[in-house]
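Chemist: Below you will find the structure I want to go over with you.
The values are calculated or read from the model by the stated rules, or taken from the named source; none is laboratory data. Everything numeric in this text was worked out from a predicted model, so none of it was measured. A quick note on method: Cβ atoms are made from the backbone with ideal geometry, for glycine too, and the neighbour counts reach across all protein chains shown. Note: areas computed on protein heavy atoms with side chains; ligands, DNA, RNA excluded. Shrake-Rupley method; radii C 1.70, N 1.55, O 1.52, S 1.80 Å.
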Amino acid sequence: MEKETARLLLREFSPDDFEDVHAYSSDYETVKHMMFGPNTPEQTRDYLEKQCPEERDASPRMHYNFAIQRRDTGRVIGGVSLHLNWRRDDAVLGAVLNRHETGKGFMTEAMRGILALAFEELGLHRVHAVCDVENSAIIRVMEKCGLWREGRMLRRGKARPEAKEPYFDQFGYAILKEKWQANQEETKRGGKEYEA
Ligand SMILES: CC(C)(COP(=O)(O)OP(=O)(O)OC[C@H]1O[C@@H](n2cnc3c(N)ncnc32)[C@H](O)[C@@H]1OP(=O)(O)O)[C@@H](O)C(=O)NCCC(=O)NCCS
């Protein structure tokens with residue numbers, strides 16, 4: 001499964017992506033809001049090997065991790081993921097980008113691409129995400145992609161060991177298929193970007 005957008009290709013990871021994936025997954029500043037890392041080379045290798053074929057060929061498939069590849073340079077600059085619930089009608093979204101590639105609208109483009117996959121190809125009825133209330137960049141990206149803030153979850157996130165407090169607050173965001181479809185129609189009609 002893959003999806004092309006204006007500047008990106010969302011595709012399955014391959015073990016050959018090691019150098020590009022390790023560049024961001026070993027970088028503390030990039031992964032400090034994530035549940036993993038900074039990775040050792042072995043951890044990045046294990047991650048890539050687990051994708052293919054262990055998760056890809058699982059039946060039913062529950063985890064979709066896509067490499068974000070720039071179409072101009074061919075480099076993998078990050079990843080977006082969907083982890084499905086047991087009914088396979090809702091998924092939690094994940095996103096990470098090499099920090100040298102941030103601020104260029106790439107994640108907004110990749111997230112719109114993965115939402116299209118979620119609703120058009122996988123037939124989900126809902127996609128949601130949770131994030132640190134301090135993570136303004138991903139909040140902005142999600143709102144640009146039409147996700148709605150559903151609420152604030154107190155002390156839900158487990159902080160990294162070096163943090164002052166052991167837990168942090170998270171926002172829950174979500175988008176329903178019908179909202180996503182309405183946004184697509186709106187974009188077609190007005191030819192402009194939609195927001196929440
Ligand atoms: C969050 C992340 C995915 C954003 O990727 P990106 O490609 O830079 O995102 P985009 O360029 O598409 O959009 C970023 C938006 O956030 C805004 N933004 C960036 N930093 C911001 C900040 N500190 N405060 C407020 N807004 C901010 C940008 O201005 C832009 O909005 P705009 O288009 O209205 O100007 C990337 O920074 C990242 O991977 N961070 C580390 C991992 C992470 O936090 N993942 C999410 C875990 S829940």
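Chemist: How large, in percent, is the carbon and sulfur part of the accessible surface of the stretch 2-54 at a probe radius of 1.4 Å?
Modeler: On the stretch 2-54, the fraction of accessible area on carbon and sulfur atoms equals 51 percent.
Chemist: Return the subset of Lys3/Lys164; Lys32/Lys179; Lys3/Lys158; Lys104/Lys179; Lys50/Lys188 for which the Cα-Cα distance in this structure is over 29 Å, preserving the input order.
Modeler: Lys3/Lys164; Lys32/Lys179; Lys3/Lys158; Lys50/Lys188
Chemist: Over the chain, what is the relative contact order in whole percent, taking alpha-carbon pairs under 8 Å and six or more residues apart?
Modeler: With pairs under 8 Å counted, the relative contact order is 17 percent.
Chemist: Under a Cβ-Cβ cut-off of 9 Å, what is the net charge of the residues other than Met62 that fall near it, where Lys and Arg count +1 and Asp and Glu count -1?
Modeler: Once all neighbours under 9 Å are counted, the net charge is +1.
Chemist: Let me ask another. If a/c stays under 1.5 just call it rounded; otherwise compare a/b with b/c (prolate if a/b is bigger, oblate if not). Do that for the stretch 3-189, with a ≥ b ≥ c from the square roots of the Cα gyration tensor eigenvalues.
Modeler: Here the stretch 3-189 falls in the rounded category.
Chemist: Give me the percent of DSSP beta bridges within the stretch 25-143 that run antiparallel, rounded to the nearest 5.
Modeler: Of all bridge pairs located within the stretch 25-143, approximately 80 percent are antiparallel.
Chemist: What list of ³J(HN,Hα) couplings, whole Hz, do you get for the stretch 90-102 from phi and the Karplus terms 6.51, -1.76, 1.60, once you set θ to phi - 60° and write x for glycine and proline?
Modeler: Each residue of the stretch 90-102 in turn: 9, 9, 9, 9, x, 7, 8, 9, 4, 5, 6, 10, 7 Hz.
Chemist: Given a 1.4 Å probe, how much area per residue of the chain is accessible, in Å²?
Modeler: Value for the chain: 55 Å² per residue.
Chemist: For the stretch 133-196, which whole-number percentage of the solvent-accessible area (1.4 Å probe, protein heavy atoms only) is attributable to carbon and sulfur atoms?
Modeler: Reported share for carbon and sulfur atoms: 51 percent.
Chemist: If you take every residue apart from Glu12 with its C-beta less than 9 Å away from the C-beta of Glu12, what net charge results, scoring Lys and Arg +1 and Asp and Glu -1?
Modeler: Its environment carries a net charge of +1.
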